[in-house]
Amino acid sequence: MNSLPVIILYEPRILLRRGLTTRLQDEGHQVVSCTSTEQLTEEICLQTGRPRVLLVGVGGLGNTLLRILRTLHATHKLSLKTLVYLPQHDDVLARMFKGAGASHCLTEDELESQLLSLIPGAVTACRRGVLLTPSELNVLIDYASGLQASEIAVRRNCSYKTVSTIKLLVRNRLNIETKSSWVNLLTHIDQLTSLYK
Amino acid sequence: MFTCQIRYVARNDIYLSGIRAALESIVSANPGWDCQLSPLSTLAQEEEHLIIIDATGCENINGLSPVSVSVLNSKHTLVMVKAIQRWFIKKLLQQYSCSILCVDEINFQMRDIIQQTMENKRYLSPLIIRQHHASSLAQPVVFTPAEYTVLEYLRKGCSGSEISKLLFRSEKTISSHKRNIMGKLGVRDDFELNSKINTSIAMR
């Protein structure tokens, strides 16, 4: 019983939170459900000695999405498995979450069939080359929050040329070839963050 | 002792167990109450008080089973949708009188849903109301046939020069169509245009 991982669930939407908690408890997992990002940080930092899995529902994050991206990125060195689920299938968004440090990316429809098989198992080390560097993540988050290259340059205290180089690196890393899929990525992030405004 | 008869058509077990957990907490809070949850069937049974249809993942009305479609005009029917199914939600709002619950709602009370549907009122969850409000405010935009064609390609994510090669028009012509579209939609840059094309339901 004790070998089952503890599941830290961050899902603001009440229906999915209740549903997932009941389903996982039926399987014998211990579920810690967080309602605020502060509580989430606390739970992640807690040392228990038992394997832990972080489960995050992207569709309900709203304006905490960018903060969660940073949380994911900060936890990739902890022995913590991170599972993320998106509202619909989206390759580029999935690559972005993997780049930010998520171990697996599912969609809400796949949760039922695949979640239980993904929870056990050791933490897979992130492949090199997939994970974004801290400055790449910074620039990506700045672009996603709607800033222009020149504004980011002032904010990050560097030249706009550096900003566009880093943007190019992000696009290479996330395998975004065309400008339209880059704009699409920003649009999708914008849609997710503005859902509850 | 009052027993609320609830029938469901499920697609996703997780939403169903969420509903079940919500009902259990109502039952434990109200001693005189009881709920019975069972699958919807065509056989004549006791009269149901609420029918829950899980429509997450349906593209259009045809994706639902015939039995579910036949009860869509009753206010006792609650359809569960995702916030991204904008087109489907618009159809439901215009053509049917069923209650709608968005599963992406941060918080909602199952009690309110049961109460409102029992009083024969239409229940719409806050996100649905907001979207309904936004779409009724939006002015219908009229495009010329050429602009429509360009718009379709833009939605697919083609760049200006790609469209010009596909349509055998000069890049300047395409650019001018695109500028006109942007003017009509009142957007300033590519990013705003893209989010307008992808979110606005008035243009399909």
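The values are calculated or read from the model by the stated rules, or taken from the named source; none is laboratory data. Predicted, not measured: the structure shown is a model, and the values here were computed from it. Don't worry about glycine lacking a Cβ; one is built from the backbone with ideal geometry, like all the others, and counts go over all protein chains shown.
Observations on the structure shown:
- All conditions but one from (1) away from every other protein chain (no Cβ under 14 Å); (2) surrounded by fewer than 13 Cβ atoms within 10 Å (Cβ to Cβ) apply to residue A:162; the one that does not is (2).
- Filtered residues of segment B:46-70 (kept if in a helix (DSSP H, G or I) and more than 17 Å from the chain's Cα centre (by Cα)): B:66, B:67, B:70
- Residue in segment B:96-103 that is within 20 Å of residue B:71 (Cβ to Cβ) and loosely packed, with under 13 Cβ neighbours inside 10 Å present: yes
- Of the candidates B:173, B:199, the single residue that is among the β-branched types (Val, Ile, Thr) and within 14 Å of chain A (Cβ to nearest Cβ) is B:199.
- Residue under evaluation residue A:97, criteria (1) farther than 26 Å from residue B:15 by Cβ; (2) in the same structural domain as residue A:27 (by TED's automatic domain parsing), criterion not met: (1)
- Meets criteria (within 22 Å of residue A:62 (Cα to Cα), at pLDDT below 90 and not in a loop (DSSP other than H, G, I, E, B)) for residue A:139: no
- Of the residues screened, residue B:63 is not one that is on the phi > 0 side of the Ramachandran plot and either within 14 Å of chain A (Cβ to nearest Cβ) or surrounded by fewer than 20 Cβ atoms within 10 Å (Cβ to Cβ) (or both).
- Qualifying residue in segment A:94-101 (condition: under 22 Å from residue A:25 (Cα atoms), modelled with pLDDT under 90 and in contact with a strand residue (DSSP E or B) (Cβ under 7 Å, 6 or more places away or on another chain)): no
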